[in-house]
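All remarks here apply to the structure that follows.
The values are calculated or read from the model by the stated rules, or taken from the named source; none is laboratory data. Please read all numbers here as calculations on a predicted model, not as lab measurements. Cβ placement follows ideal geometry from the backbone for every residue including glycine, while neighbour counts extend to all protein chains displayed. Accessible surface is based on the protein model in full, side chains and every heavy atom, while ligands, DNA and RNA are left aside. Shrake-Rupley method; radii C 1.70, N 1.55, O 1.52, S 1.80 Å.
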Amino acid sequence: MIATVGLLGILALSVAASNTLVETASAQIARQFDKHPLIMMGEWHRNVQQHVFLRELVRDPAFICRVDDIVVEFGNARLQNVADAYISGENVAEAELQAIWRETDVMFAWNAPMYRQFYETVREVNAEHICPHPVRVVLGDPPIDWSKVETKKDFGAFSDRDGFFAGAVEREVLARNHHALLIAGELHALRKMPEGEKDAPLESTVVQLIERKHPGVLFTVTLVTTEAAAQTLKMGPPPSFRVIRGSELEHADFGPIAPAWTATPVVVNGKHDWKLDPAKSWPPMGEVVDGILYLGGDQTKLFPSPTIYLEPAYQQQLRRRAAIIKEYNGQDFLPTLDDLVKEAQQAGKKSGAGE
């Protein structure tokens, strides 16, 4: 497991120390609202550096006060009333709050601490009245009720995550003439997919779905993930931002900053993991995204304590969900869950031995 809360603090201090640069990048991104009511940030799941920046962006009045809503992938829309209550400052029971991210279609990712921290940050922004209006968080994952899902057919009814997210933007943002920040995994935020790949998704991305009905409303941003790519793309010192359109980057190769395309189950050092491989050929960068953001290229990820998977009821739920998901699409998350449980049990034994 990588990173600690201490690392988060160090990174936050680093961002604060270069406050002028953060404001410059934030201001450049905020300026895109002049022409587009929607700005979408492609998120690299669990990336510490990006989430430090996102929280700073949300705290920046020059950016956040131009935002009415933040639509996020890491929340079950069935629990929108819980999110509304929490973000507005009401007391919410811990189990209800955790359910927002634990009850989605996604098995493990949203348990990482930065997702809870994001909700906390927006709650703080509203409590401090940083803007003349409250900022709402709209939950963009399908409203699945796992207690009622028994079969792969039941699960399949909630499998179109891009379609639901785009629909939420349509209903909760565009229909109300609002401006919004959209946050979802990198692949959801791309305008075009790789060319000639046999594993190309059948469904359209969030960006494609929104722009099909509302051309030009959306400005999408992706991360420059390595120092080498930043040098090639002539990025400034981090955090730095560049608009693609009208620059030489329109015809640049998107491949060096593209997200992984395929994930193959592997075992590394006795633990189950995923081998990530890139696509062979991407369209030019100008056809895929509108802006690129360089934060320094730190790829550190933050994971939760595995002890959460020792909670009997939660573990039982995850095992049942994993079996349904495997039946639906062949992905088997049970080995990963078993690894996490084993890790937590071993940590508990070591802790007990040290007392």
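Within the stretch 232-239, can one find any residue that is charged (D, E, K, R), farther than 19 Å from Gln32 by Cα, at pLDDT 95 or above and open to solvent by 30 Å² or more (accessible area, probe 1.4 Å)?
Yes, the stretch 232-239 has at least one match.
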Across (1) more than 17 Å from the chain's Cα centre (by Cα); (2) buried (at least 17 other Cβ atoms within 10 Å of the Cβ), Asn91 clears everything bar (2)
**Item:** Yes/no for Phe165 being at pLDDT 95 or above, hydrophobic (A, V, I, L, M, F, W, C) and within 30 Å of Val289 (Cα to Cα)
**Value:** yes
Matching residues in the stretch 180-197 (open to solvent by less than 60 Å² (accessible area, probe 1.4 Å) and in a loop (DSSP other than H, G, I, E, B)) number 5
When (1) within 27 Å of His178 (Cβ to Cβ); (2) touching a strand residue (DSSP E or B) at 6+ places or on another chain (Cβ under 7 Å) are applied to Arg245, the one that fails is (2)
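Take the residues in the stretch 282-309 that are of a type in the set (Gly, Ala, Ser) and surrounded by 15 or more Cβ atoms within 10 Å (Cβ to Cβ), then tell me which one is farthest from Gln98 (Cα to Cα).
Filtering first and then ranking leaves Gly286.
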Reported set for the stretch 53-72 where residues are within 24 Å of Arg171 (Cα to Cα) and either over 16 Å from the mean Cα position of the chain (by Cα) or open to solvent by 10 Å² or more (accessible area, probe 1.4 Å) (or both) is Phe63, Ile64, Cys65, Arg66, Val67, Asp68
Taking the stretch 84-119 and keeping residues without any contact (Cβ under 8 Å) to a residue 12 or more places away in the chain and of a type outside the set (S, T, N, Q) leaves Ala85, Glu90, Val92, Ala93, Glu94, Ala95
Residues of the stretch 78-97 being of a type in the set (A, V, I, L, M) and not in a helix (DSSP H, G or I), in sequence order, are Val92, Ala93
Residue pairs within 9 Å by beta carbon, gap of at least six or interchain, first lying in the stretch 270-291 and at negative phi and of a type in the set (Gly, Ala, Ser), second part of a loop (DSSP other than H, G, I, E, B) and open to solvent by 50 Å² or more (accessible area, probe 1.4 Å), listed first then second, are Ala279/Glu195; Ala279/Gly196; Ala279/Asp199; Ser281/Glu195; Ser281/Gly196; Gly286/Arg245; Gly291/Arg245
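Looking at this structure, is Leu293 at pLDDT 95 or above, within 18 Å of Arg46 (Cβ to Cβ), part of a helix (DSSP H, G or I) and within 23 Å of the chain's Cα centre (by Cα)?
no
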Of (1) over 22 Å from the mean Cα position of the chain (by Cα); (2) more than 27 Å from Met40 (Cα to Cα); (3) modelled with pLDDT of 95 or more, His251 satisfies every one except (2)
query = Would a scan of the stretch 318-327 turn up a residue that is surrounded by 17 or more Cβ atoms within 10 Å (Cβ to Cβ), of a type in the set (Asp, Glu) and touching a residue at least 12 places away in the same chain (Cβ under 8 Å)?
reply = no
Exactly one of Ala260, Ala279 is part of a loop (DSSP other than H, G, I, E, B), open to solvent by less than 30 Å² (accessible area, probe 1.4 Å) and not aromatic (Phe, Trp, Tyr), and that one is Ala279
If we ask which residues in the stretch 223-239 are in contact (Cβ under 8 Å) with a residue 12 or more places away in the chain and over 21 Å from Ala184 (Cα atoms), their number turns out to be 10
The condition from (1) over 15 Å from Gly75 (Cα atoms); (2) more than 21 Å from the chain's Cα centre (by Cα) that Glu170 misses is numbered (2)
Over the stretch 240-257, the set of residues open to solvent by 60 Å² or more (accessible area, probe 1.4 Å) and either more than 24 Å from Glu227 (Cα to Cα) or free of Cβ contacts under 8 Å to residues at least 24 places away in the same chain (or both) is Gly246, Glu248
Considering residues that are open to solvent by 50 Å² or more (accessible area, probe 1.4 Å) and part of a loop (DSSP other than H, G, I, E, B), the number found within the stretch 153-177 is 4
